Amino acid sequence: MNLNPGTASPNITNPNITNHSLSAIARALKNGDYSSVELTRAYLDRIAAHGGALNAYITVTAERALAQAEAADARRAKGESQPLLGVPLAHKDLFCTAGVRTSCGSRMLDKFIAPYDATVVAKLDAAGMVTLGKTNMDEFAMGSSNENSWYGAVRNPWNHALVPGGSSGGSAAAVAARLCPIATGTDTGGSVRQPASFCGLTGLKATYGRISRWGMIAYASSLDQAGVLAQNAADCALLLQGMAGFDPKDSTSAQVAVPDYAAALHQPLQGLRIGLPKEHFAEGLSLEVEQQIRAALAVFERLGATLVEVSLPNSHLSICAYYVIAPAEASANLSRYDGVRYGYRCERPKDLEDLYKRSRSEGFGNEVKRRIMVGTYALSAGYYEAYYGKAQKVRRLIKDDFTRAFQEVDVIMGPTTPGTAFALGSKTKDPVTMYLEDIYTIAVNLAGLPGMSIPAGQVHGLPIGLQIVGRDFDEARLLNVAHQFQQASDWHTRTPPGVSG
Amino acid sequence: MTWETVIGLEVHVQLATHSKLFSGSSTRFGAAPNTQANVYDLALPGTLPVLNAEALRMAVQFGLAIGAEIGLTSVFDRKNYFYPDLPKGYQTSQLAHPTVGKGALTITRDDGSTQTIGITRAHMEEDAGKSLHEEFPHATGIDLNRAGTPLLEIVSEPELRSAKDAVAYLKKLHSLITYLGISDGDMSQGSMRCDANVSVRKVGATEFGTRAEIKNINSFRFVEKAILVDAQRQIDLIEEGGKVVQETRLYDADKNQTRSMRSKEVANDYRYFPEPDLLPVVIDDAYIAAVRATLPELPDVKAARLQSQYGLSVYDANVLASERATAAYFEEVAQTARDAKLAANWVMVDLQAVLNKNALTIAQSPVSAAALAGLILRIKDNTLSSKIAKTVFEAMVAGEGNADAIIAAKGLTQVTDTHAIEQLIDTVLANNPTQVAQYRAGQEKVFTFFIGQVMKESKGKANPAQVNDLLKAKLAGN
């Protein structure tokens, strides 16, 4: 065949543009290597060809994306050049997006078209980003495997028989399979970090209060925080820059200045003190994972960091505390889904009570109902102090553990999860086994701290993640530490079979 | 056997903010259904509350006005229950850490006696929407305009001992909130709603009886009637050997009785817990001092000042001070006319009668304070008798102008000329020889007949005091 490169479509001249990182895309768009419309078309084509097998998207917003891409190209033509302009992304389907179905992975909101934008969506739209679609997730963000979705399970791009992790499983699978260059997620107990670990991605959960929760459908208000699923730390830094900041519409968002995250990436790690919680290197952690984590820690030592053993003595209580506090808040947060004003309503209700009971029984899945019941019980008269009151005290102890540890060290590291991605269906019968997936991540939410998971090795061909936890609002340091590791290693460049990096 | 009624009141006051407690929607009353409900009020997914600073300031104002402890850290809680007009499925309220703690309110009875009633607490919470059961056949309409309107729930100690005292307490509360301008206090529109906890016990008993809670009573009069009728119900029940059960009851004004609400409606476990979408509200002494500086002169202080400054009785001073606008009106009349006693009488009796008759507030009075003072000045300089003054006042109410214009137009100037009055008396005595004879024979009651005749002859314009004196002299034999 004699193709003339000068007249061929950009999709053919650049068959791999969907493999670019956000940073690479930003450079390419700036250089005019391709337009936002061309890039967006390439992603939409790729989603159409490969998206179905993974079930990563609930809704693809092709028309809207192309219109946004055109607008971004027009802005660039007028001389704008900010890094996010024209860059496509996907949003976890719990960020309200005006005019677009926002389902939260639930039958309850299957027909819910949000009439307003989440602050995260509005900010990234304003920065000129292009929304490719809304990603699959565990219903109302409750789950660690993305099997609790009304729209069906998401598959792990590394092995379609495995789960991608959850609850931001759709976002993780989409980024790993290059169905988008980067995606938003949320993390209430590990829902960004665990799927990042399972899918070989760099995931960041911000400090509680760093990113506005306005328009981010609530699971557990005091724990929910937005985050990023990306190919590397530098990409995380760029997207976080666009998401972070005080929002007067969210009373829990913090009035703390947002630093320049990209500028902070390059600081050398000489003298960095890394805390290793002895409780995270104990029973329950697979030996193979531990070996990989130790190898990654050795890289940090070579970069000039010092490893210090620390203790988080109350960390064994974190799952118990979490599974009281989160369901308690959820039980109230989900009361609004009553079949009265919007959302799922049962057929022909007999009376008000029937309307409530059947709408909620039919509209919610089993895990959501389980947590509503647990939370309702924990808040009941006579049980409040024994459960909710005690869980809040434990929460304070856990926060104190971290505060003490951070007097000695700059960051805390350990495995993100005890093992690699597990098989679909292997843990659905036993909720508690599933809950233990988040054993290393949950305490970070209880303490409100920022956390990351970065690819740090492989076990039997599957990625494993290293968790990095920082002080309140110290995302810049986390990103710096992650970026320096990624300059000295290549785990983050590994892609699932069949996906070229 | 003598019984004593024990009453505690829970009063919901709608705060007069422009927007809702946690959203920017308007709180204006009477708009078309669901036109004042935004994404938060509708409890759309992902929406979050932001506390209205004005509502907080008003709650603190109230707290300072009742001398209460102000919570430097107050916490909002979620009160969970399902109802169609409660969009979030929980009401955001304050349980353990209200903005206003213990305070007190002094009530004044009609006889001038006073009593200080303890206030347990006052907390902020959001109102629910309205369920409209009558407008739609086989369906219930939901109007969420009111959903999220800020309320201050003011809880009294069970220290009231009669229905009349309960009303006096409510009136004092009403006076206070309207003074502060934190609510219009309009009970008919639900701006002030009252729940009454009522129990009875034998006089001298130290333990409280079992109480009934009477919900949502919407006028001062109904509060009095509902308490009386339920206290009697409880007394009858006990005297017949029965027991009062703790329950929620509704007052039916048409039948003048209370009836039990179905237990299902009240057997809720509200599962309160701190609202995680709001941080604790932390205020400091500087904030409190700034709010204190905005407080107006309050009813008790004003009443005391009216007594000392104008020499009013306790009763008059309290009546005039109960409403800020009335007190201001009175003071303007008293100062302009330089006669507090006349000013108090005219404001409390004649003007009040006109306002009551036409259902007007003092701000809507057809006679301004300056105009009323003008009338009183004409009484003081003897231009008008008090009787003619009432005629002039009626004309002023009817909009015929100020007192001087009406006097001139109608020729109503009082006759104080001794000679003219003597001529009138002479005519009357000459026309009634029989009565003159009776009087002189010792029937002194006939004297009022002569007064009446003389006043009639003068068309009411003769100075009554002069008529009295001159008539006495004439009849005595001159």
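The values are calculated or read from the model by the stated rules, or taken from the named source; none is laboratory data. Note that this is a predicted model, so its numbers are computed, not measured. In this analysis, Cβ positions are derived from the backbone assuming ideal geometry, glycine residues included, and neighbour counts consider all displayed protein chains.
Cβ-Cβ contacts under 6 Å between residues 6 or more apart (or on different chains), taken from a first residue in the range A:353-365 that is closer than 14 Å to A:Glu139 by Cα to a second residue that is of a type in the set (Ser, Thr, Tyr), are listed as A:Gly363/A:Tyr344. Scanning the range A:300-312 for residues that are surrounded by fewer than 18 Cβ atoms within 10 Å (Cβ to Cβ) and either within 27 Å of the chain's Cα centre (by Cα) or of a type in the set (Ser, Thr, Tyr) (or both) gives A:Thr306, A:Ser311. The residues of the range B:10-61 that are hydroxyl-bearing (Ser, Thr, Tyr), in contact (Cβ under 8 Å) with a residue 40 or more places away in the chain and under 30 Å from A:Lys92 (Cβ atoms), listed by number, are B:Ser23, B:Ser25, B:Tyr40. From the list B:Lys341, B:Lys243, the one residue that fits, being closer than 30 Å to B:Ser199 by Cβ and out of contact with any strand residue (DSSP E or B) (no Cβ under 7 Å at 6 or more places or on another chain), is B:Lys243.
Restricting the range B:404-426 to residues that are of a type outside the set (Val, Ile, Thr) and not in a helix (DSSP H, G or I), the residue that is surrounded by the fewest Cβ atoms within 10 Å (Cβ to Cβ) is B:Gly411.
Among the listed residues A:Arg360, A:Arg370, which satisfies the condition of being charged (D, E, K, R) and closer than 15 Å to A:Leu109 by Cβ? Exactly one of A:Arg360, A:Arg370 is charged (D, E, K, R) and closer than 15 Å to A:Leu109 by Cβ, namely A:Arg360.
Residue count for the range B:14-54, restricted to those that are surrounded by fewer than 21 Cβ atoms within 10 Å (Cβ to Cβ) and charged (D, E, K, R): 2. Per the listing B:Ala231, B:Ala212, B:Ala226, the residue uniquely more than 30 Å from B:Lys79 (Cα to Cα), under 29 Å from the mean Cα position of the chain (by Cα), in the same structural domain as B:Tyr83 (by TED's automatic domain parsing) and surrounded by 13 or more Cβ atoms within 10 Å (Cβ to Cβ) is B:Ala231.
I need the full set of residues from the range A:420-430 which are of a type outside the set (Gly, Ala, Ser) and surrounded by 17 or more Cβ atoms within 10 Å (Cβ to Cβ), in order please.
A:Thr420, A:Phe422, A:Leu424, A:Lys427, A:Thr428, listed by residue number.
Please specify each residue of the range B:54-91 satisfying the condition of being more than 12 Å from every other protein chain (Cβ to nearest Cβ) and either out of contact with any strand residue (DSSP E or B) (no Cβ under 9 Å at 6 or more places or on another chain) or in a strand (DSSP E or B) (or both). Correct list: B:Arg57, B:Gln61, B:Ile70, B:Thr73, B:Ser74. Residues in the range B:138-161: is at least one modelled with pLDDT under 95, over 30 Å from B:Ala32 (Cβ atoms) and part of a loop (DSSP other than H, G, I, E, B)? No, the range B:138-161 contains no residue that is modelled with pLDDT under 95, over 30 Å from B:Ala32 (Cβ atoms) and part of a loop (DSSP other than H, G, I, E, B).
Does B:Val454 count as outside the structural domain of B:Ser365 (by TED's automatic domain parsing), in contact with a strand residue (DSSP E or B) (Cβ under 8 Å, 6 or more places away or on another chain) and modelled with pLDDT of 85 or more? Criteria met by B:Val454. Summed over the range B:441-459, the residues that are of a type in the set (Asp, Glu) and over 19 Å from B:Thr416 (Cβ atoms) give a count of 1. Checked against the criteria, A:Asn148 does not count as over 12 Å from the mean Cα position of the chain (by Cα), over 14 Å from A:Gly465 (Cβ atoms), among the polar types (S, T, N, Q) and surrounded by fewer than 24 Cβ atoms within 10 Å (Cβ to Cβ). Only one of the numbered conditions (1) surrounded by fewer than 24 Cβ atoms within 10 Å (Cβ to Cβ); (2) under 30 Å from A:Arg336 (Cβ atoms) is violated by A:Pro259, and that is (2). Restricting attention to the range A:314-347, the residues that are within 12 Å of chain B (Cβ to nearest Cβ) and assigned to a helix (DSSP H, G or I) total 13. Only a single criterion out of (1) surrounded by 15 or more Cβ atoms within 10 Å (Cβ to Cβ); (2) without any contact (Cβ under 8 Å) to a residue 12 or more places away in the chain; (3) more than 14 Å from chain A (Cβ to nearest Cβ) is not satisfied by B:Ala293, namely (1).
The rows are residues; the columns are (1) crowded, with 24+ Cβ neighbours inside 10 Å; (2) among the aliphatic types (A, V, I, L, M).
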site	(1), (2)
A:Leu89	yes, yes
A:Asp93	yes, no
A:Gly99	no, no
A:Ser103	yes, no
A:Met108	yes, yes
A:Tyr116	no, no
A:Leu124	no, yes
A:Met129	yes, yes
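Can you pull out the residues in the range A:115-129 that are farther than 13 Å from A:Gly242 by Cα and touching a Ser or Thr at 6+ places or on another chain (Cβ under 9 Å)? Before you say what the answer is, go through the steps one by one.
At the first step, the residues of the range A:115-129 found to be farther than 13 Å from A:Gly242 by Cα are A:115-118.
A:Tyr116, A:Asp117, A:Ala118 - these are the residues of the range A:115-129 that are farther than 13 Å from A:Gly242 by Cα and touching a Ser or Thr at 6+ places or on another chain (Cβ under 9 Å).
Flag: B:Glu400 does not match the condition of being acidic (Asp, Glu), part of a helix (DSSP H, G or I), modelled with pLDDT of 90 or more and surrounded by fewer than 15 Cβ atoms within 10 Å (Cβ to Cβ).
Would you list the strands (runs of 3 or more DSSP E) that sit entirely within the range A:47-152 and hold 2 or more residues that are within 13 Å of chain B (Cβ to nearest Cβ)? Hits in the range A:47-152: A:88-92. Condition check: more than 20 Å from B:Asp277 (Cβ to Cβ) and either within 11 Å of chain A (Cβ to nearest Cβ) or surrounded by 18 or more Cβ atoms within 10 Å (Cβ to Cβ) (or both). Does B:Gly8 satisfy that? When the stated conditions are applied, B:Gly8 passes them.
Screening B:Pro276 on (1) buried (at least 16 other Cβ atoms within 10 Å of the Cβ); (2) more than 14 Å from every other protein chain (Cβ to nearest Cβ) shows it passes everything except condition (2).
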